[in-house]
1. Filter region 86-120 for residues that are at pLDDT 85 or above, more than 14 Å from Leu67 (Cβ to Cβ) and of a type in the set (A, V, I, L, M, F, W, C) and give the result.
2. Run down Leu65, Leu24 and say which single residue is modelled with pLDDT of 70 or more, assigned to a strand (DSSP E or B) and either of a type outside the set (Phe, Trp, Tyr) or surrounded by 10 or more Cβ atoms within 10 Å (Cβ to Cβ) (or both).
3. Take the residues of region 60-81 that are over 16 Å from Val99 (Cα atoms) and hydrophobic (A, V, I, L, M, F, W, C): which is nearest to the chain's Cα centre (by Cα)?
4. Can you tell me which residues in region 68-90 are surrounded by 18 or more Cβ atoms within 10 Å (Cβ to Cβ), of a type in the set (Ser, Thr, Tyr) and closer than 16 Å to Val127 by Cβ?
Amino acid sequence: MRFKRRISYDYSIASITFIPLINLLCLLFFFSAVQCGLFAQPGGVPVRLPSLLTSDVLRRDHIRLTLSADAQLYYANDRISLSDLSRFLKLVGPRDPAVLIQAHKKTPLEIIARVWDICRKAGITGVSLVTEP
């Protein structure tokens, strides 16, 4: 009769498996990336921007207004009505002369033009539309 040998394992520090260690590092990277806001959109309101071939990059301080698909106006994460927009721009206007309008693809052109007109009436001449390059 043949007996099998018993295989003994060495449970020292050199025998640590690398798969759980790699999983742990991936989880730490994922949670730190989410915590840092790596995947967050700058405006706070998710919109799909139209794309243009001749877009320029604006490098100075600006006010970013976001128009959602259902024509709601936001500044950062705060909702602003069109009647309050002129009062808001007059308060912030002298320090930040440029306004960027970030409008969703499906926002009606009438609403974009109305926001643009309110910005011009508030004395802001540097009004631009944000697009995908």
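The values are calculated or read from the model by the stated rules, or taken from the named source; none is laboratory data. Model, not experiment: these values are computed from the prediction. For neighbour counting, all protein chains shown are included, and Cβ atoms are generated from backbone atoms with ideal geometry for every residue, glycine included.
1. Listed by number, the list holds a single entry, Phe88.
2. On inspection, the qualifying residue turns out to be Leu65.
3. Checked region 60-81; the qualifying residue nearest to the chain's Cα centre (by Cα) is Ala69.
4. Answer for region 68-90, where residues must be surrounded by 18 or more Cβ atoms within 10 Å (Cβ to Cβ), of a type in the set (Ser, Thr, Tyr) and closer than 16 Å to Val127 by Cβ: just Tyr75.
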